[in-house]
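Take a look at the structure set out below.
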Amino acid sequence: MTDSSAARLGHPGRYWNAVVPFPSRPEIPREPPDLTDAGTFAARAELRDPRWFVPGLLLALAVFAGWFSTVPGSGFPSTPETRRVVLIVLAIVLAVAAVAVWLWDVSTRREAIRSAHAAFLRRGFVVEAHVTPLNVGDESVQWAWLLLDTRLPGERRDHLYAAFDGWLADVSNDRDTHREVAAMVRAAGKVPGERLFGPEGAGAYLVGPLRRRDHHILLPSRREDRETAAVDRSWRIVPVRYT
């Protein structure tokens with residue numbers, strides 16, 4: 001980071017050793033989950049919920065068509081018997097389509113989970129999440145989050161949290177610096193700690209708004225699945241569920 005860039009961002013590097021000894025980070029009540037097992041990963045990772053709307057709508061239309069076939073009267077330019085047959089056939093087609101769409105969704109969701117778990121085993125990892133006082137929203141309040149790699153020792157995470165906390169507290173009190181930092185987060189998607197604090201900042205990521213969860217999963221995209229690829233905006237942030 002150049003001197004001019006550091007100045008625009010409030011000189012984050014000077015906060016690395018600003019608080020010695022550094023305080024403990026806020027306690028997270030749950031331990032990070034072990035997601036190496038495929039079943040546990042599927043149960044915990046909030047990748048994609050089942051999509052019930054389309055099959056539900058098709059099934060509802062099938063039920064309506066079947067019911068309407070029993071209602072006396074003529075809504076078609078044909079005989080009542082022809083009308084009944086057409087509506088029954090339509091109901092069957094809609095019901096079959098509902099089942100087909102549901103099976104397709106189950107299949108694609110299972111494949112998405114399998115692919116995500118394979119990516120997790122190769123390079124993914126679990127992070128703990130802390131909300132920050134940095135508002136990165138344009139028209140509404142949207143808080144940035146600090147993600148800390150749970151593979152790091154607890155003392156290291158405490159140090160990273162203290163450095164970010166001190167820096168962002170001052171950033172939030174300076175309008176121009178706040179605007180620069182918020183724009184950086186929006187543009188980068190994920191700002192690694194190394195960019196702000198040098199090599200010592202490895203394992204921390206400043207990101208935009210997230211679901212309020214204790215832990216998230218960082219997953220590489222397919223094109224960034226090689227060992228040397230750094231965490232960037234192409235990586236997915238997946239919430240971890242506990243219930």
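Quick one: in the range 49-129, what % of C-alpha pairs are over 17 Å apart?
Across the range 49-129, Cα pairs with separations above 17 Å total 62 percent.
Could you order D105, D37, D138 by accessible surface area, starting with the largest, using a probe radius of 1.4 Å?
D138, D37, D105
Computed from the coordinates I sent, P(r) over Cα pairs in 10 Å bins from 0, in percent equals one of (1) 7, 24, 24, 16, 10, 9, 6, 3, 0; (2) 7, 29, 33, 21, 9, 2, 0; (3) 7, 32, 34, 19, 7, 1, 0. Tell me the label.
(1)
How do W235, W52 rank by accessible surface area computed with a 1.4 Å probe, from largest to smallest?
From most accessible down to least: W52, W235.
Full extension from V106 to S234: what is 0.36 nm times the residue separation minus their Cα-Cα distance, to one decimal in nm?
Answer, rounded to one decimal: 43.5 nm.
Can you tell me which of L219, L121, L47 moves the most in a GNM of the chain? Springs connect C-alpha atoms under 10 Å apart.
Result for the chain, Cα springs under 10 Å: L121 fluctuates most.
Carbon and sulfur together cover what percent of the accessible area of the chain at a 1.4 Å probe radius?
58 percent
Whole number in Å², please: accessible area per residue of the chain, 1.4 Å probe, ligands, DNA and RNA not counted.
57 Å²
The values are calculated or read from the model by the stated rules, or taken from the named source; none is laboratory data. Computed from a predicted structure; not experimentally measured. With ligands, DNA and RNA removed, areas are computed over all heavy atoms of the protein, side chains included. Shrake-Rupley method; radii C 1.70, N 1.55, O 1.52, S 1.80 Å.
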